[in-house]
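The values are calculated or read from the model by the stated rules, or taken from the named source; none is laboratory data. Only a predicted model underlies this, so the values are computations on that prediction, with no experimental measurement involved. Here the Cβ positions follow ideal geometry from the backbone for every residue, glycine too, while neighbour counts run over all protein chains shown.
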Amino acid sequence: MKVGRRALRMWHRWFGLAAGLWLLLLAITGSAITYYEELDHALNGDLRRIAEAQSPVPAPVATALARAEGLLPGFQARHIDLPDQADETIWLIGSAMVDGDRTGVQVFAHPQSGEVVGWRRSGVLSLDRRHLPDLLYGLHVDLLVAPWVTAVFGFISLLWMVDHALAAALAVPKLALWREAFWVNGRPGSLRRLFDWHRAPGLWAWPVTFVLALTGVTLAWPELSRQALRPIAAVSDRLEYSLPDRTIEARLTIDQAMSKVAPLEQIDSLRPLPDKGVYAIRTHDHRDLDYQGRLWTYVDVETGEVVGQRHDVGEGPGDAFFAWQYPLHSGQAFGEVGRALVFISGLVTAALSVTGLMLWLRRGRPMVR
């Protein structure tokens, strides 16, 4: 038994030392982007909101696109987020030619006139208010480096899942003493007090941080995760992956396509897919698990025909499992309470990284219990 606990302590110690810095970064940025929208609205209200509605009639999205193309040469939208409220701007995310290079940009348009109220580059390494929200998001996803960093973060999340099980065993050496593990004891400044501050918050947050570790794996490794689950349960993909590649001239405007799908107030966002010859329109539905519309409808840009429709929850348990991943990771699956839990658990994880390092520095060897 002592040999087994010694091995567990060695794993936990060296995992913490090797991955602690990355977990600290992921935890802090993850907590921050739990409230990405609120943070961006607070820092960049001039981009995200308008002073007052000029007219109750919303502008055609095609007008906002045309204005964006007129301001930024070669602008191509890959995602268009429609306002949730009358005083919010239309958010167009895509790329354009800026200073001779094609770069990611975000354009914000007035919801009634379609006029561009401002724009910013995407993926800029800057702490200014314009780019801080995206900086935090990019650091959390891939360090603003490349997709392979996301895969590395997925591997760290996988090891973090393993560490959760081992850390719980270390935290409760005897079942009879399990209550003690959830409280902080010892005199202030003592090694025991520091150890308890490392153990107790981790146990309280354990269910949420374990879910964050699991969803971190599936979100970082979407295809590998699906392949791993397919022998157990059927898993389907978005319909766009099965549509044939084709490049045709769009005869249908985005607004005409939306009118064929649902009333404007039900539409969350849309994506032009020129290589598939369709508009992918996302609408809110009673099956949604988070704040985003998860019912996808694909409209042919030439004929206006609806060529397919699919909700992210799919038809079976395999699809439902993956539909839950982002809502759980963001906390949105349980509304504002869920987001608050994810925010707090991120701060707890950051604190555990710090207290773990402090323990290692103070005692220099595994604590004898």
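Annotations
- So Thr253, is it surrounded by fewer than 21 Cβ atoms within 10 Å (Cβ to Cβ), of a type in the set (Ser, Thr, Tyr) and in contact (Cβ under 8 Å) with a residue 60 or more places away in the chain: yes
- Restricting the first member to segment 32-53 and to residues that are over 24 Å from His329 (Cβ atoms), and the second to residues that are buried (at least 16 other Cβ atoms within 10 Å of the Cβ) and among the β-branched types (Val, Ile, Thr), the beta-carbon pairs closer than 8 Å and six or more apart or on different chains are Asp46/Val117; Leu47/Thr89; Leu47/Val117; Arg49/Thr89; Ile50/Thr89; Ile50/Val117.
- Here Gly216 meets each of (1) farther than 30 Å from Ala350 by Cα; (2) crowded, with 19+ Cβ neighbours inside 10 Å with one exception, condition (1).
- Cβ pairs under 7 Å, 6+ apart, first in segment 178-203 and surrounded by 13 or more Cβ atoms within 10 Å (Cβ to Cβ), second outside any loop (DSSP other than H, G, I, E, B) and among the acidic types (Asp, Glu): Val184/Asp196; Gly186/Asp196
- Selection over segment 168-193 of residues that are outside any loop (DSSP other than H, G, I, E, B) and over 21 Å from Arg6 (Cβ atoms) gives a count of 4.
- Pro58, sole failed condition from (1) in contact with a helix residue (DSSP H, G or I) (Cβ under 9 Å, 6 or more places away or on another chain); (2) assigned to a strand (DSSP E or B); (3) farther than 21 Å from Asp290 by Cα; (4) of a type outside the set (S, T, N, Q): (2)
- Within segment 285-310, the residues that satisfy the criterion of being closer than 18 Å to Gln256 by Cβ and either acidic (Asp, Glu) or part of a loop (DSSP other than H, G, I, E, B) (or both) are Asp300, Val301, Glu302, Thr303, Gly304, Glu305.
- Given (1) assigned to a strand (DSSP E or B); (2) of a type in the set (A, V, I, L, M); (3) within 26 Å of Thr283 (Cα to Cα), number of the condition Ala86 does not satisfy: (1)
- Residue check for Arg282: surrounded by 15 or more Cβ atoms within 10 Å (Cβ to Cβ), part of a helix (DSSP H, G or I) and either assigned by TED's automatic domain parsing to the domain that holds Asp84 or modelled with pLDDT of 95 or more (or both): no
- For segment 225-241, a residue qualifies if it is part of a helix (DSSP H, G or I) and free of Cβ contacts under 8 Å to residues at least 12 places away in the same chain, and the qualifying residues are Gln227, Ala228, Tyr241.
- Answer residue from segment 301-312, given it is surrounded by fewer than 21 Cβ atoms within 10 Å (Cβ to Cβ) and farther than 22 Å from Trp324 by Cβ and is nearest to the chain's Cα centre (by Cα) among those: Gly308
- Whichever residue in segment 223-243 is over 21 Å from Pro147 (Cα atoms) and in contact with a strand residue (DSSP E or B) (Cβ under 7 Å, 6 or more places away or on another chain) and, among such residues, is modelled with the highest pLDDT: Leu243
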